[in-house]
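Here's the structure we're looking at; comments come further down.
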Amino acid sequence: MQQFIIRRILVAFVVLFGVSTFVFFMVHLIPGDPATVMLGVRATPSRVAALRESMGLDEPLVVQYGNFLLNVAQGDFGRSFRTNRPVVHEIQVRMWPTVQLALAGMGLALLIGIASGVLAASKRDTWVESLVMVVAMIGISLPNFVLGMLLMLFFSVHLRWLPTMGYGTPFHLVLPALSLGFLYSAIIARITRSSMVEILGMDYIRSARAKGLNEQAVMYKHALRNGLIPVVTIAGLYLGVLLGGAVVIETLFSWPGLGRLAVESIAARDYPMIQGIVLVLATGFVFVNLLVDISYGFLDPRIQYN
Amino acid sequence: MLHRQTLRWIWITAVLVVGLTFTSALAFAGGGREAASRVDDRMTIAVPVEPNSMDPHTFTSRTARKIGYLVYDSLVFQDPETLEYLPGLARSWEVSDDELTWTFRLRDDVYFHNGDHMTAHDVKFTYDRILNPATQATYAFDDIGPVRSIEVVDDYTVALHYDEPYAPLLHYMALGQLQPMSRRAIEEAGPDFGTRPIGAGAGPFEFVEWRSGQDMTLRRYENYNWGSELYQNRGPAHLAGIVIRMIPDVQVSTIGMQTGELDAVDFLPDRDVETLRNDPNIVMNQVHLPGMGLYSAFNINKGPFADVEVRRAANYAIDKQVIIDTVKRGNATVGHGPIPFFFHGFDERLEDYYTYDPARANQILDAAGYRRGADGIRSRNGQRLSALTMVRQRDDYIDTAQLIQQMFEEVGIELRLQILEWGALTDAIFAGEHDYTFMGHGHGESDVVYTLFHSSNIGGFNLAHINDPEMDRLTELQRVTTDLDERAAILREIQQEVMVERVLWAPIYNDIQYWPSNARIENVMVHPNGWFLLNDARIAD
């Protein structure tokens, strides 16, 4: 067991080393120079050269890479080229709003999606099913920024119920979470429906009905539990996507999340910040997977680590 | 049996539940805070781009400079109407006969936001800091010019010694990256000074907090009592504070003006001007932006525009008014050269020089021996008039480039458009890979000709890539000539060289911008550089 954990941790380090190397060279390969971008319309060759030197960009790439690895190994991701803020601190600050938005959006999507999917499956071949499926089709087809804009115009400009922009209260969360959640709720509704339809035709459901169980128990106790497996798989996948930052919605609603920070950093060629964001996300992924593998053994003693 | 997949979901569900709980708790706590602090006697302004820093020596963002006007007072102010320089933190100033020493006499009643008394030592510290390479000063380093040393003459007198006369000094002082700052505040903040410049300024509003990606809060400085004569109110501001919100989508800012969530926006897209103009709750403050809204530069070293006659013909082929009417929806005026018509030293002769005249363009190209091929594009000695045109990925640039592409086609010049994002674009055009490109600038001083045409700026914004001793001499001479009339004569000569003799550019337009503000706040002034001056602003009764 111990050996397994040590091995996995070592493998995790190799993965992170690979990711950091890849990211380092990728960001340096993007055309565009951080000093020039930063100096904007007043860039003069002498200022650019001075700034490049202070950023350490005048060193050979291999030396820069060595410095980068050395610093990261000591937990130092450096300071942002653009704002001079410590990268780690900035990511911490911007991560939380993204997590909030992702969880709220996915929560809404699951709630609406599963409920309408079950409704459609239980009312097969009626107008209810058609309505749910048409709305779901619209949800999948409608780009989320268009929906966001429409929601904003209706709830903020017309009704004046909710703020158009910003962060901090549950009211601020409603429109961005709805704009994000609607698309995924549509996908989840369709999957729930097809999965439920398939399961409702199975023998064990027929047996349940034959032994006199009421329809609700059949539906929720027997069918839904099995029907949710594909839904959970899809929801997990999309949650991962959302945690990476929902750039468009974050921009539209001025949400101070990680996605917006990543895009702004790429536009500014803010190398330390881009590297930091990618590394933090990768570490999160590796860490969760490691945790899953380790807990797997604790929870199921039949699993042998060798 | 527990599947691996099931376990994964146990984790995700756990994260979900914990996350949602925390989210709700935090969100509700935050909600209470915001509701309590939202007061009406503050002004909320939206900016589309978050500043990179609030340290005047290192910031490179226009937004930062604009916020800086509110936080840091300068030694000298400039009257937006008369362009006359007015006393600020300096009561008076003089330049020595040899024009190498500028002496500033400071007010003795100025206190920084941290309570420290401002003296000549703070001014010296501030300027020495700009010159110190460790500061990594950016624009401020250029703005202070070829200064040799800064001398504290007495507690309230400071002298700047130059190696050569430096004409634009007062302009750059008024423009705002050369404001005196408190030594103690800078030293206490250390490397975080740029993001937490607490107590450093002596302006009407003091910095309170900056929440990354969200907003910046300023509070009225109660001890402020040295307002410039630009304002009626020389004492503390009437507004209790200012909240600057980072709203990246400018369309959303317009909506925020309509809903009343915002009191003002820093950038209003042309397409939203009419919408807000018709709103009775909104005041439209109009400003003719300094610099050139949009110009096009020919690379004189390669491609079809290496021939001055082709460049001349191109200038006659552009219908600038059509571009202004369609792309800018009328919110611009025709550009005539590198210096806008409302700047000191503008050459009036350029006003009628290039008018839209495609027949004349054709004539010039015919006379130069360029013949049209089967596809209508001209060529001479096998060289086709086909130019690689690099265009910034921004709607107004792209739309303009496409219109000019059609206009040039009519006279037999082909433009091959390559749309590039800013970083990639500057890489390419600084290296001179383009034949033709578009650019804008917001410089507020005619000294911009040095940046645009001096050979030391090849690899920078000398986009014509001109390397010529005469241009170098003239652009250097205007910098060191402090006599206004003499300098104007040199500037006119430069404009003649750029537009008539060498034809380095085809200027397009000067921007007119609107800075809308909510009618609930009155006496809002807008600086020609496009920022709100709020010493007199107050909530309407």
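The 3J(HN,Hα) values that the Karplus relation (6.51, -1.76, 1.60; θ = phi - 60°) gives for the range B:348-353 are, in residue order, 4, 4, 6, 4, 10, 6 Hz. Gly and Pro appear as x.
The protection proxy used here, the mean number of other Cβ atoms lying within 10 Å of each residue, ranks peptides B:362-369, B:124-131 as follows, highest first: B:124-131, B:362-369. Using the Karplus relation 6.51 cos²θ - 1.76 cosθ + 1.60 with θ = phi - 60°, the per-residue 3J(HN,Hα) values for the range A:129-146 come to 4, 4, 4, 4, 5, 5, 4, 4, 4, 4, x, 6, 7, 7, x, 5, 6, 5 Hz, with x marking Gly and Pro. A cut-off of 5 Å between modelled amide H atoms, ignoring neighbours fewer than 5 places along the same chain, links B:A387 with B:E414, B:L415, B:R416. Considering only B:L239, B:L484, A:M137, the residue lying farthest towards the positive end of the dipole of the protein assembly as shown is A:M137, judged by Cα position with unit charges set on Cβ.
For the range B:142-154, 3J(HN,Hα) computed residue by residue from phi via the Karplus equation (6.51, -1.76, 1.60; θ = phi - 60°) reads 6, 5, 6, x, x, 6, 9, 7, 10, 10, 8, 7, 8 Hz, glycine and proline entered as x. Only lysines eight or more places from A:K221 in sequence, or on another chain, were considered; those with a Cα closer than 27 Å are A:K123, A:K211. Ranking A:V118, A:P97, A:G240 by how far each Cα lies toward the positive end of the dipole of the range A:87-299 (charges on Cβ) leaves A:V118 at the top.
Distance from the C-alpha centroid of the range B:353-369 to that of the range B:310-326: 12 Å, rounded to the whole angstrom. Counts of other chain beta carbons within 10 angstrom of each beta carbon in peptide B:244-257 average 5.
Summarising the amide proton neighbourhood of B:L420: residues at separation of 5 or more, or on other chains, whose placed amide H is nearer than 5 Å comprise B:V391, B:R392, B:Q393. Peptides B:255-262, B:418-425, B:53-60 ranked from most to least packed give B:53-60, B:255-262, B:418-425, packing being the mean of other C-beta atoms within 10 angstrom over each peptide's residues. Relative to the Cα centre, the charge distribution of the range A:67-152, modelled as +1 at Lys and Arg Cβ and -1 at Asp and Glu Cβ, gives a dipole magnitude of about 220 debye. Long hydrophobic helices in chain B, taken as whole DSSP H segments with a C-alpha length of 24 Å or more on their own axis and mean Kyte-Doolittle hydropathy at least -1.0: B:4-37.
Using the Cβ of A:I30 as centre and a radius below 14 Å, the other residues enclosed give a net charge of -3, where K and R count +1 and D and E count -1. Mean sequence separation of contacting Cα pairs (under 8 Å, at least six apart), scaled by the length of the range B:292-512, corresponds to a relative contact order of 36 percent. Largest mean-square fluctuation among A:L162, A:L61, A:L243, in a Gaussian network model of chain A whose springs join Cα atoms under 10 Å apart, belongs to A:L61. Using only Cα atoms, locate the centre of the range B:270-285 and the centre of the range B:159-185, then give the distance between them in Å, rounded to an integer. Result: 38 Å between the Cα centres.
Subtracting the Cα-Cα distance of A:A210 and A:D76 from their residue separation scaled by 0.36 nm leaves 41.7 nm. The amide H of B:F77, built 1.01 Å from its N in the peptide plane, has B:L86, B:G88 as neighbours under 5 Å, considering only residues 5 or more places off or on other chains.
Relative contact order for chain B: 17 percent, from Cα pairs under 8 Å spaced at least 6 residues apart, divided by residue count.
Computed from the coordinates by the stated procedures, all read-outs in this text should not be read as laboratory data. Please read these numbers as outputs of a predicted model, since none were measured by experiment. FYI the Cβ positions are ideal-geometry reconstructions off the backbone, even for glycines, and counts take in every protein chain you see.
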